[in-house]
Amino acid sequence: MIDLGSLEAAAGNAAFVMALRGRGLRDTAVLRAMEQVPRDTFAPPPHREHARRDIALPLSCGASMTAPSTVALMLARLRLEPGQRVLEIGTGSGYVTALLAQLGAGAVLSLERYTSLAGAATRRLAALSEVHVVRADGLAPDLPDGGFDRILVHGSVAAIPPHWRAALEPSGRLVTGLSGDGVCRVAVLATPEAEPELGAPVRLAALVPGLARVL
């Protein structure tokens, strides 16, 4: 028997990805991953019906799921290659964490400052052996030792903290939001020593120091 529910979900995901393509997003690997990892699975039940819209969705603790077009843009700029080690700052629902795994990350260490979000994301991502969610504050200087090929930050800062640079491999790449003059833009560090390359304006919440946790 044909599973009409599965067909409807697949059609919905395909339409979701086509809508993102219509916004100028062209990274095939990222779009394929977003088609294969349903956003509604990670959305809070009250907002699940809006999961295929290109909008941010509220989470508990004042956090939010970033709008899909911003997620796609940041993942495209990350240029993740299969097997690479990723540090993710801001697990949130775990949706982008799952996308990183789908894109072929060899290991993902995801830091989430809020206990309830970290616990819920851990349960959602339990089947992904390459993912490890830790309750920690990514703005705190006591990050793990260097060795990350990629760092993805879900939020904006006024300047790149030195300890983020120190956590990157020499050929590593970091993507975050960088705020200035009232505008937040996607920023890329092509190497740990490089100056940030600014891209398109995006809507990302500002990261606020506090709630530091030793890993």
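The values are calculated or read from the model by the stated rules, or taken from the named source; none is laboratory data. Please read all numbers here as calculations on a predicted model, not as lab measurements. So basically every Cβ, Gly included, is an ideal-geometry build from the backbone, and we count neighbours across all protein chains shown. Only protein heavy atoms, including side chains, enter the accessible area calculation; ligands, DNA and RNA are left aside. Shrake-Rupley method; radii C 1.70, N 1.55, O 1.52, S 1.80 Å.
Among the residues of the range 90-118, the one identified as open to solvent by less than 10 Å² (accessible area, probe 1.4 Å), out of contact with any Lys or Arg (no Cβ under 9 Å at 6 or more places or on another chain) and closer than 24 Å to Pro170 by Cα is Ser110.
In the range 60-78, of all residues being more than 13 Å from the chain's Cα centre (by Cα) and not hydrophobic (A, V, I, L, M, F, W, C), the one that is nearest to Thr115 (Cα to Cα) corresponds to Ser60. Within the range 8-56, the set of residues being over 23 Å from Leu204 (Cβ atoms) and of a type in the set (Val, Ile, Thr) comprises just one member, Thr28.
Among the strands (runs of 3 or more DSSP E) confined to the range 100-176, the ones with at least 2 residues that are modelled with pLDDT of 95 or more, of a type in the set (A, V, I, L, M) and touching a helix residue (DSSP H, G or I) at 6+ places or on another chain (Cβ under 8 Å) are located at 131-135, 148-157. Counting just the residues of the range 17-41 that are over 11 Å from Arg52 (Cβ atoms) and in contact with a Ser or Thr (Cβ under 7 Å, 6 or more places away or on another chain), which one comes out least open to solvent (accessible area, probe 1.4 Å)? Top of the filtered list is Leu25.
Results for (1) open to solvent by less than 30 Å² (accessible area, probe 1.4 Å); (2) touching a strand residue (DSSP E or B) at 6+ places or on another chain (Cβ under 6 Å); (3) within 21 Å of Ser110 (Cβ to Cβ); (4) among the basic types (Lys, Arg), shown as yes or no for each residue.
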{"site": "Glu130", "(1), (2), (3), (4)": "no, yes, yes, no"}
{"site": "Val133", "(1), (2), (3), (4)": "yes, yes, yes, no"}
{"site": "Ile151", "(1), (2), (3), (4)": "yes, yes, yes, no"}
{"site": "His163", "(1), (2), (3), (4)": "no, no, yes, no"}
{"site": "Glu169", "(1), (2), (3), (4)": "no, yes, yes, no"}
{"site": "Leu174", "(1), (2), (3), (4)": "yes, yes, yes, no"}
{"site": "Ser179", "(1), (2), (3), (4)": "no, yes, no, no"}
{"site": "Pro192", "(1), (2), (3), (4)": "yes, yes, yes, no"}
{"site": "Ala206", "(1), (2), (3), (4)": "no, yes, yes, no"}
